[in-house]
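The values are calculated or read from the model by the stated rules, or taken from the named source; none is laboratory data. What you are looking at is a predicted structure, and each value in this text was computed from that prediction instead of being measured. Ideal geometry is used to build each Cβ from the backbone, glycine not excepted, and the neighbour counts take in all protein chains shown.
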Amino acid sequence: MKKCPVRGAVLVNGEKDGVIEGQYAVTFFWPSDEGAMPVDRLGGRFSDSGRAAFRPSVEPKAND
């Protein structure tokens, strides 16, 4: 399992856009708009990579 602590949907890996092949565990954190220290509006239910239900795999092939 690879760790990729990135915010957003577009990743850059060296010369090419995208992610390195492998299996990933996706976590979610929805910050509140209040104060200097935002709180997770989801209550931390989806922030543990060990319990992640969304586990996409990236294969080494071209995507056109």
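Table: residues versus (1) modelled with pLDDT of 80 or more; (2) loosely packed, with under 11 Cβ neighbours inside 10 Å; (3) among the polar types (S, T, N, Q); (4) touching an Asp or Glu at 6+ places or on another chain (Cβ under 8 Å).
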site: K3; (1), (2), (3), (4): no, yes, no, no
site: V6; (1), (2), (3), (4): no, yes, no, no
site: V12; (1), (2), (3), (4): no, yes, no, no
site: G22; (1), (2), (3), (4): yes, no, no, no
site: T27; (1), (2), (3), (4): yes, no, yes, yes
site: E34; (1), (2), (3), (4): no, yes, no, no
site: P38; (1), (2), (3), (4): yes, no, no, no
site: A53; (1), (2), (3), (4): yes, yes, no, no
site: D64; (1), (2), (3), (4): no, yes, no, no
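Being free of Cβ contacts under 8 Å to residues at least 12 places away in the same chain and not basic (K, R) is the filter here, so list the residues in region 33-62 that pass it.
Across region 33-62, the qualifying residues are D33, E34, G35, A36, M37, P38, V39, D40, G43, G44, A53, A62.
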